[in-house]
Amino acid sequence: MNKPAAALTRGLTARHIRFIALGSAIGTGLFYGSAEAIHRAGPSVLLAYLIGGAAVFLVLRALGEMAVSNPVAGSFGEYASQHLGPLAGFFTGWTYTFEMLIVCLADVTAFGVYMGFWYPDVPRWIWVLSVIFFIGAINLLSVKVFGEVEFWFSLVKIVAIVAMIAGGIAVLIFGFGLHDTSAGVQNLWADGGFFATGIGGFIACFAIVMFAFGGTEIIGITAGEAENPQRTIPRAINTVPVRIIVFYVLTLAVIMAIDSWRTIGDEGSPFVQIFQSLGLGPAAAVLNVVVITAALSAVNSDIFGAGRMMYGMAQRGQAPAAMKRVSRNGVPWMTVVIMTVTLLVGVLLNYLIPDKVFLVIASIATFATIFVWLMILLAHLRSRRGMSPEQVAALKFPVPLWPYGQLITIAFLVFVIGVIAFDTDSRVALVVGAVWLALLGVAYRLWVRPANAEPEPVAVPADVA
């Protein structure tokens with residue numbers, strides 16, 4: 001009989017990390033949430049994605065600098081504990097877990113919506129229940145299985161988006177009886193202008209736009225199980241600008257150029273809708289397979305990221321010791337089970353409020369995401385300011401634009417929180433967020449602080465390359 005693994009194993013190759021990074025930026029926020037963002041801002045949503053993407057890139061570069069220097073399973077939860085104190089690490093780790101749980105609820109909800117394309121009479125909650133148990137089972141296998149599944153999920157999404165962009169450009173150039181080529185790309189400004197809904201609409205869309213980038217920080221989590229984090233993490237993070245331009249800006253520009261942005265509604269994915277409106281039924285069916293794959297990929301990554309964060313916190317005494325249990329395959333199985341069971345809340349929500357669940361969930365997830373990104377940046381600032389010039393010069397993956405880029409990004413993220421507070425539809429996210437942080441504060445004072453006068457050292461994954 002094999003001896004049970006005592007820690008996580010480094011089973012993610014460069015190929016896995018690269019496609020996990022790609023897949024993390026192509027999920028429900030793009031395929032489903034982009035419809036709401038377009039509805040709020042019109043064509044100016046393209047500029048919003050560029051601005052938001054630039055901020056996310058600087059967050060990931062800050063995370064990358066720390067992850068390359070210290071690749072651990074707890075990632076930014078560990079960095080916050082080191083540089084901002086145990087309370088900050090506790091808040092960061094559990095809020096990221098909360099973020100992954102909420103994002104996962106959005107992803108399984110979107111999966112139910114997509115399945116309605118073929119089976120409109122089947123209740124959505126049935127699809128949500130099935131996908132939760134399916135992905136939970138995958139995550140109980142070895143990390144190499146997770147990496148391989150995520151690789152193929154991401155590959156399907158990437159190939160489909162590139163094909164859609166190529167097909168859309170062909171329609172714009174040649175028409176094929178589906179588009180007036182004399183009009184060119186005038187739909188991007190002809191129907192009310194580029195800022196069709198005004199500056200107010202442009203600002204309001206940031207609450208949804210930033211949700212789309214939530215989860216990209218999983219790159220830092222993978223460092224604890226990467227075979228060569230010093231090489232793979234920088235390569236993955238440096239592809240972020242290209243991903244944003246191609247997968248978000250160019251894709252949505254093609255969609256809105258083919259047809260007016262006003263025709264993009266809230267039912268289903270805008271990718272599927274645009275091909276349906278052009279009369280391309282089979283293409284719409286194929287795209288629905290793609291967006292379903294995107295949802296499965298996102299749920300897969302969400303469960304992985306939250307599980308590894310809870311494992312890292314358990315190593316530091318900031319989570320129940322049961323979360324340190326690792327299977328023979330090197331998988332923290334207890335955290336996967338906890339995530340799967342907790343996600344059953346999504347089944348209940350989709351049964352009770354199927355029409356409103358996505359927007360509410362997306363708003364709460366955006367708050368949690370912004371909070372985690374702010375803690376990453378603050379931990380990085382404290383880390384850098386505690387270094388000597390020699391230590392800074394020795395960094396293998398230093399951030400660009402130090403320190404002004406980081407300070408501007410912090411200001412921008414605070415601005416996004418203000419947008420969430422101003423919008424009546426998303427304001428509930430701040431209430432939920434405030435209650436969540438208050439509960440964490442009570443939990444830390446009652447259980448964590450008394451039990452951690454001498455915090456345990458973080459276990460380094462086995463089989464270090």
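Each value in this text was obtained by applying a stated rule to the coordinates, not by laboratory testing. Not measured: the values here are computed from a predicted model. Methodologically, a virtual Cβ is constructed for each residue, glycine included, from the backbone with ideal geometry; neighbour enumeration extends over all protein chains shown.
Segment 416-451 and segment 43-77 have Cα centres spaced 22 Å apart. Packing order of peptides 130-142, 380-392, highest average first: 130-142, 380-392 (average count of other Cβ atoms within 10 Å over each peptide's residues).
By definition, a body whose alpha carbon gyration tensor gives a ≥ b ≥ c is prolate when a/c is 1.5 or more and a/b is larger than b/c, and segment 384-439 fits this prolate description. Sorting 54-61, 155-162, 396-403 by average packing, meaning the other beta carbons within 10 Å per residue, from highest down gives 54-61, 155-162, 396-403.
Assign one of three labels to segment 204-243, namely rounded, prolate or oblate, based on the Cα gyration tensor with a ≥ b ≥ c the square roots of its eigenvalues; rounded applies when a/c is under 1.5, prolate when it is not and a/b is larger than b/c, and oblate otherwise. Cα axes put segment 204-243 in the oblate bin. Scoring 120-129, 239-248, 299-308, 360-369 by mean Cβ neighbours within 10 Å over their residues and listing the highest first yields 299-308, 360-369, 239-248, 120-129.
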